[in-house]
């Protein structure tokens with residue numbers, strides 16, 4: 001019997017240049033005041049403040065050409081805590097990848 005060497009397949013690193021901005025399709029509740037401009041704020045069905053999402057489902061603050069946040073310095077707390085490359089990020093990336101297959 002021949003032994004086949006174990007090959008470890010790793011996910012490509014997530015960087016600013018490879019980010020799919022998939023977290024920008026999640027509902028983002030505004031739980032602290034970070035200075036988000038009012039034009040990007042919406043009210044959910046329960047009266048809470050959330051980031052406005054446009055008809056395409058993406059956050060209104062996302063630049064569709066660069067897929068980068070236009071209010072990065074003023075982004076909500078939940079966006080600040082959602083770390084690029086963290087398990088939650090990788091899970092969202094995997095989910096969005098399966099949608100387009």
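A quick yes/no check of all residues on (1) modelled with pLDDT under 95; (2) closer than 27 Å to residue 13 by Cβ; (3) assigned to a loop (DSSP other than H, G, I, E, B):
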position: 34; (1), (2), (3): yes, no, yes
position: 42; (1), (2), (3): no, no, no
position: 65; (1), (2), (3): yes, yes, yes
position: 79; (1), (2), (3): yes, yes, no
position: 83; (1), (2), (3): yes, yes, yes
position: 93; (1), (2), (3): yes, yes, no
position: 97; (1), (2), (3): yes, yes, no
Search result, residues across the range 1-32 that are in contact with a strand residue (DSSP E or B) (Cβ under 9 Å, 6 or more places away or on another chain) and either part of a strand (DSSP E or B) or modelled with pLDDT under 70 (or both) | 16, 29
Search result, residues across the range 43-62 that are surrounded by 14 or more Cβ atoms within 10 Å (Cβ to Cβ) and out of contact with any helix residue (DSSP H, G or I) (no Cβ under 7 Å at 6 or more places or on another chain) = 49, 50, 53
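The values are calculated or read from the model by the stated rules, or taken from the named source; none is laboratory data. Values in this document were obtained by computation on a predicted structure and should not be read as measured data. Virtual Cβ from ideal backbone geometry, glycine too; neighbours counted across all protein chains shown.
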